[in-house]
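Chemist: Quick one: the structure is below, questions incoming.
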Amino acid sequence: MSSHLIAAVPIHGHVAPLLPIAAHLVARGDTVRFLTGSRFADAVNATGAVHVALPAEADFDDRDVVARFPEREGLSPLASIAFDIEHIFVRPGVAQYAAVTELLTAAPVDAVVVDPLFLAGAVLAELPADRRPPVLVAGVVPLSLPGRDLAPFGLGAPPLSGLPGRLRNGVLRGINARVLRGAEAAGASIMHRIHGREGSGSIMEWLTRADAVVQLSVPSFEYPRPDTATRLEFTGLVTTSSALEHPRPAWWADLDGSRPVVHVTQGTIANDDLSELILPTVQGLADSDVLVVIATGGRPVADLGPLPANARAAEFLPYAELFARTDVFVTNGGYGGVQFALAHGVPVDSVAAGHPDGGVDRATPVQHEVA
């Protein structure tokens, strides 16, 4: 029997993919503690793992991010990206690491499994291997491992080799450094505070210091990285998102196959302004002979206002069942939703909103036609 610590930022799209992993480990007889937001206690405990709440400084309700970070409201898309990376994902690293250290002191583990944006994973991975358990990354967002011909993570630029690639990627690295200078400075400050020195590299590329990365996708969905020294494995879709986790709404019987189904969502973080994607989609299809199914990602359905007769909405939906009934998926590129679409062969109309949780390396608008 082994013991494991799983840790994730308190965001539904980061926690949900790790729940089946926790359940699998428990089912084979392992001991699992799961460190994440307090609102996920019931979901974690249902897997048989022991839920441990993050410290208050690192915990928040992802259904209302603006309530915790009011200064985020009204920011431009680019400024919002920089703000989120610095304040939602990097700065909580101190409190996260304190919680991880306390748990490891209380009961050592055989491995620590973290989501890529759980900053304490980067801090822990800076320790020599003989002073810490193995750090494994469960890839719930686009893969951020750097590669020889790749642009910096998040820009969505395809690989480009040779001199043109080196020139392009050098320019993009400079731009990226300016946009993310606050996040990188915060990461460096945390490393100095905890380890008394700088980290081994960019905080955005910390996966190179992990012992392994298990990407919850398929290789063809990510840019190739033949030169990476980090052990990299792909699992395909593991998230369940069943009716046990997200009960079917009262209108579920309307998904009877009589009309094509268009599912639209803005995910669980980039959804504070529903007029960016959901409402235009609903309005644009209001007179069409389709059923528009909306997932608000935790936002109250009432925030949508009056809906046309062919629209149905819920905060969350059982994706394992919904995508079997969906004809087209309209999304801002959230990683989890796109994986469900790929697994079910559903065409994706992706209008990526430029967030670290979404898109193909947070690509600019792209479309994937999945056979």
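Chemist: Using beta carbons and a limit of 6 Å, which pairs, at least six apart or on different chains, have the first residue in segment 173-185 and without any contact (Cβ under 8 Å) to a residue 24 or more places away in the chain and of a type outside the set (Gly, Ala, Ser) and the second one surrounded by 13 or more Cβ atoms within 10 Å (Cβ to Cβ) and in a helix (DSSP H, G or I)?
Modeler: Taking only residues 6 or more apart or on different chains, the pairs are Glu184/Ile203.
Chemist: Here is a list of conditions, (1) free of Cβ contacts under 8 Å to residues at least 24 places away in the same chain; (2) loosely packed, with under 14 Cβ neighbours inside 10 Å; (3) part of a helix (DSSP H, G or I), and Leu78 meets all of them except one; can you say which number that is?
Modeler: For Leu78, the exception is condition (1).
Chemist: Within segment 199-252, count every residue that is touching a helix residue (DSSP H, G or I) at 6+ places or on another chain (Cβ under 6 Å), under 22 Å from Val338 (Cβ atoms), modelled with pLDDT of 90 or more and open to solvent by 40 Å² or more (accessible area, probe 1.4 Å).
Modeler: Final tally of qualifying residues: 1.
Chemist: While we're looking at this one, here's another question. Which numbered condition trips up Val109, out of (1) outside any loop (DSSP other than H, G, I, E, B); (2) under 26 Å from Ala16 (Cα atoms)?
Modeler: The number of the failed condition is (1).
Chemist: Where the second residue is surrounded by 16 or more Cβ atoms within 10 Å (Cβ to Cβ) and the first is assigned to a strand (DSSP E or B) and lies in segment 280-291, which pairs have Cβ atoms under 9 Å and are six or more apart or on separate chains?
Modeler: Leu291/Leu255; Leu291/Val261; Leu291/Val262; Leu291/Asn310; Leu291/Ala311; Leu291/Arg312
Chemist: If you don't mind, another one. Which residue pairs have Cβ atoms under 6 Å apart, sit 6 or more places apart or on different chains, and have a first residue in segment 122-135 that is assigned to a loop (DSSP other than H, G, I, E, B) and a second that is open to solvent by less than 60 Å² (accessible area, probe 1.4 Å)?
Modeler: If the second residue must be open to solvent by less than 60 Å² (accessible area, probe 1.4 Å), the pairs left are Glu126/His195; Glu126/Gly199; Arg132/Leu124; Pro133/Val109; Pro133/Ala111; Pro133/Val112; Pro134/Ala111.
Chemist: Given (1) open to solvent by 30 Å² or more (accessible area, probe 1.4 Å); (2) part of a loop (DSSP other than H, G, I, E, B); (3) at negative phi, identify the lone condition not met by Gly257.
Modeler: (3)
Chemist: Separate question: Looking only at segment 33-43, decide whether some residue is out of contact with any Ser or Thr (no Cβ under 7 Å at 6 or more places or on another chain) and modelled with pLDDT under 90.
Modeler: To start, the set of residues in segment 33-43 that are out of contact with any Ser or Thr (no Cβ under 7 Å at 6 or more places or on another chain) comprises 33-43.
If we keep only those that are modelled with pLDDT under 90 as well, we get none.
Scanning segment 33-43 turns up no residue that is out of contact with any Ser or Thr (no Cβ under 7 Å at 6 or more places or on another chain) and modelled with pLDDT under 90.
Chemist: For segment 110-135: of the residues being crowded, with 21+ Cβ neighbours inside 10 Å and out of contact with any Phe, Trp or Tyr (no Cβ under 9 Å at 6 or more places or on another chain), which is nearest to Arg181 (Cα to Cα)?
Modeler: That would be Asp115.
Chemist: Go through segment 324-340 and report how many residues are in contact with a strand residue (DSSP E or B) (Cβ under 6 Å, 6 or more places away or on another chain), in a helix (DSSP H, G or I) and either surrounded by fewer than 24 Cβ atoms within 10 Å (Cβ to Cβ) or modelled with pLDDT of 95 or more (or both).
Modeler: 0
The values are calculated or read from the model by the stated rules, or taken from the named source; none is laboratory data. In this text the structure is predicted, and so the values were computed from the model without any measurement. Cβ atoms come from the backbone with ideal geometry, glycine included; neighbour counts cover every protein chain shown. Keep in mind that these areas ignore ligands, DNA and RNA; they rest on the heavy atoms of the full protein, side chains included. Shrake-Rupley method; radii C 1.70, N 1.55, O 1.52, S 1.80 Å.
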